[in-house]
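The values are calculated or read from the model by the stated rules, or taken from the named source; none is laboratory data. Not measured: the values here are computed from a predicted model. A quick note on method: Cβ atoms are made from the backbone with ideal geometry, for glycine too, and the neighbour counts reach across all protein chains shown. Note: accessible area is taken over every heavy atom of the protein model, side chains too, but ligands, DNA and RNA are not part of it. Shrake-Rupley method; radii C 1.70, N 1.55, O 1.52, S 1.80 Å.
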Amino acid sequence: MIVNLNDILIGENYPIQIIGEIGQNHNGDINNAKKLIDMCYDCNLKFVKFQKRDIKTEFTKEAYDKLYDNINSFGKTYGEHRLFLEFNKEQHKELKEYCDRKGIIYFCTPCDVPSVDLLERINVPFYKVASRDLSNGILLERLSETNKPVIISTGMADYEEIELAI
């Protein structure tokens with residue numbers, strides 16, 4: 001099987017591609033994100049991947065308000081911490097355009113339907129599903145509606161769970 005990811009062919013007899021997994025390692029700073037993109041570019045990677053969550057709909061009030069007071073926290077609560085790390089639509093668009101100018105492909109792992117909708121508005125070429133969302137039927141259904149390629153992380157899933165997701 002050969003998969004076309006934004007004109008990069010993936011499959012048997014094609015070069016292995018390494019994805020620059022940036023995720024949220026930018027610590028909520030767009031300039032850090034750009035530096036990470038530059039590092040991936042300097043290593044001749046063709047892909048960088050970020051994450052997107054809609055914190056207000058993904059977290060319960062209890063989870064959002066849970067104290068998160070440690071040296072790695074960007075907020076007093078876990079919700080504030082996670083919200084600090086999230087880029088908004090304009091920032092994701094800026095990063096995608098930055099990647100486009102450098103000739104590196106930007107894509108994302110959306111963790112919920114509002115995030116897919118946001119990423120569709122900036123025309124992300126394809127998506128990745130986190131292994132934790134392998135059984136998230138609502139998210140998988142929304143991703144299938146985009147008619148774009150989807151990379152699925154299978155983590156510790158068994159064949160039945162993978163088949164159900166597909």
Practice problem: State yes or no: is E94 assigned to a helix (DSSP H, G or I) and either in contact (Cβ under 8 Å) with a residue 40 or more places away in the chain or under 14 Å from the mean Cα position of the chain (by Cα) (or both)? | Solution: yes
Quiz item: Only one of (1) open to solvent by 30 Å² or more (accessible area, probe 1.4 Å); (2) within 26 Å of C40 (Cβ to Cβ) fails for M156. Which number is that?
Solution: (2)
Exercise. Go over the candidates L134, L139 one by one and state the one that is in contact with a strand residue (DSSP E or B) (Cβ under 9 Å, 6 or more places away or on another chain), at negative phi and modelled with pLDDT under 95.
Key: L134
Quiz prompt | Residues that are of a type in the set (S, T, Y) and in contact (Cβ under 8 Å) with a residue 12 or more places away in the chain, drawn from region 137-147 | solution = T146
Practice problem: Could you give me the residue pairs with C-beta distances under 7 Å whose first residue belongs to region 148-164 and is over 14 Å from S131 (Cβ atoms), whose second residue is of a type outside the set (F, W, Y) and open to solvent by less than 60 Å² (accessible area, probe 1.4 Å) wherever it lies, and which are 6+ apart or on separate chains? | Solution: K148/P125; P149/V3; P149/L5
Quiz prompt | Pair list, Cβ under 8 Å, 6 or more apart: region 116-136 residue in a strand (DSSP E or B), other residue open to solvent by 10 Å² or more (accessible area, probe 1.4 Å) and small (G, A, S) | solution = K128/S153; V129/S153; V129/A165
Quiz item: For region 11-86, which helices (runs of 4 or more DSSP H) that fit wholly inside it have 2 or more residues that are touching a residue at least 60 places away in the same chain (Cβ under 8 Å) and open to solvent by less than 80 Å² (accessible area, probe 1.4 Å)?
Solution: 30-42
Quiz item: For region 135-143, does any single residue satisfy the condition of being small (G, A, S), in contact with a helix residue (DSSP H, G or I) (Cβ under 9 Å, 6 or more places away or on another chain) and open to solvent by less than 30 Å² (accessible area, probe 1.4 Å)?
Solution: no
